[in-house]
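Data block below; observations after.
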């Protein structure tokens, strides 16, 4: 799968428009696209729509043995998967590695989750929190959407309650005791800036077309307290100090995200499906008419031909080797495997029996079972 | 995508209800779908059955790697992404089931030396996952405009411990069932295109489940028709 290459006309058009302070979708330089955050039916599931970019994050947990050098701390594991897209394979894997690394740095190295509270028995059992981020649609700026989805899912997640009495550890299921949320110190969210014309122009939240013509990308992860959690610059753009400090002013939209995340209620993906759209349709629970079913079934069973009783009972020539059907007699189990296929179909068994003389012929997929094209 | 104000289809979801067979009714959970929700793939759809939801995206026909090229028809690749963890053996077997069904219904010989990629992302699994994948796949293939000889739909049946047949079971019902079967049914003659079963059951029970699935598939095909009609209608 290869993507359509961008034409020179399109590239020149976008660059020229940026020089004149215009963007393809009419936004201003520091404008973000419309962001929508929804939560799924089970704990720890978060969907984020940033314009057309759609990302889903799911958090899960399990008890594991902790790392040897940190016996008191829980483990955080991040995995970001890209929806297969027409990008050529090496580029896609490069992008995947880059996004994974950025997400890890943004969330793990900033210590936003209290990992010591995830310890159950020091040195033996700790919680491993696994965050899986799936990108569903890439329309630019996957990193920001992924970071919002990941932190949203972590805020939404509840882990099972655990109690320790002496040596015994009891893990309660959600029905027995209410699960408890993770303790989160702060919420780092990343903001991406795209640079054009060797750093002369910058845009916030590039869409996919703008990303293709950009010279460099700067990603800053910050939290509500205006602390920088991580900075990543790619593309070899030399930034002057004035430009870098200007960027902090653009992060005021972070506060809106924090509010959204706290206020986000639970609703299933099924219920969040928009009803007014012409491309969506929903029905209610329907009953199925089944009056003739038992008669149809019985008639089919009665008219079906009974399977022929030509299957010989399996024999065990050597311990650990089973053989069904007649064929090459061999003491070493390796060659016998070819004749030992577990066939339930009557036709195959008959073919095997008739081909006894042709000991070299092995029929693995008889023609009768091939689907017509 | 313009939005119209129309009578809202808001219904309360009830659990998959079932009655003692053969007292004539068996039910499907409420389902919904949305088409063209992703901008990058050529066709996309999401299908929701009760709480189970799957999103499908189709890319194609596009260029294919020489190693995978077939001289007279398109190469279909199916990828199933689970919600948690990396794809494993279970996903591979689901991919195989979906791929065989799609290959049987798509007119692949119209696109020789091309590739079709179908990606299925599990958004939530509350039972009947394979049939939800099949339904989402069919809607996405329709949305992409690929030529098919027939439509297909997936129906899951579970046989509970006391012999009752439940169509479209929830995860809790699946867990307590003695056998679980998924059938892909085609739209022209309501025949079985693919079957995947787990558990033990008699031949008679199998035929009953097949017949029940064929009846249930009528509702699903009617739903396909309604959604596509709504999509291309000029007024709601």
Got a sec? How would B:155, A:162 order by Cβ neighbour count within 10 Å, fewest to most?
-> A:162, B:155
Within 10 Å of the Cβ of an average residue in A:48-55, the count of other chain Cβ atoms is 2
Extended-chain gain in nm, criterion 0.36 nm per residue less alpha-carbon gap, residue A:121 and residue A:72 = 16.8 nm
With Cα coordinates, the longest principal axis of chain B makes an angle with the long axis of helix B:203-231, in degrees rounded to 10, of 50 degrees
Per-pair calculated FRET efficiency, R0 = 51 Å: residue A:172 and residue A:228 via Cβ, rounded to 0.05 = 0.85
Simple SL model, points at 7 angstrom along Cα→Cβ for residue B:197 and residue B:66; separation in nm is 4.6 nm
Ranked from fewest to most other Cβ atoms within 10 Å of their own Cβ, A:186, A:134 fall in the order A:186, A:134
With each pseudo-label sitting 7 Å past Cα toward Cβ, what's the residue B:178-residue B:225 distance in nm, one decimal?
-> 3.7 nm
Cβ density ranking, 10 Å radius, fewest first, applied to A:37, A:151, A:180 yields A:180, A:37, A:151
Where in segment B:100-118 does the amide nitrogen come within less than 18 Å of the point 7 Å from the Cα of residue B:232, taken along Cα to Cβ?
-> B:107
Per residue of B:113-125, how many C-beta atoms from partner chains lie within 10 Å of its own C-beta, taken as a mean?
-> 3
Quickly work out the residue A:284-to-residue A:34 label distance, labels modelled 7 Å from Cα along the C-beta direction, and quote it in nm with one decimal.
-> 3.0 nm
Got the relative contact order for segment B:31-233 handy, in percent, Cα pairs under 8 Å and 6 or more residues apart?
-> 20 percent
Over all directions, average the projected area of the Cα convex hull of segment A:132-199 and note it in nm².
-> 7.8 nm²
How many angstrom lie between the C-alpha centres of segment A:1-62 and segment A:134-203?
-> 19 Å
Along principal axes, Cα extents of chain B, largest first, whole Å = 52, 46, 38
Between residue A:24 and residue A:91, take the C-beta separation as r, use R0 = 22 Å, and let me know the FRET efficiency to the nearest 0.05.
-> 0.50
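Just so you know, all these numbers are worked out from the coordinates, no wet-lab data involved. As the structure is a prediction and not an experimental result, all values here were calculated from the model. As a convention, Cβ positions derive from the backbone with ideal geometry for all residues, glycine included, and neighbour counts pool all protein chains shown.
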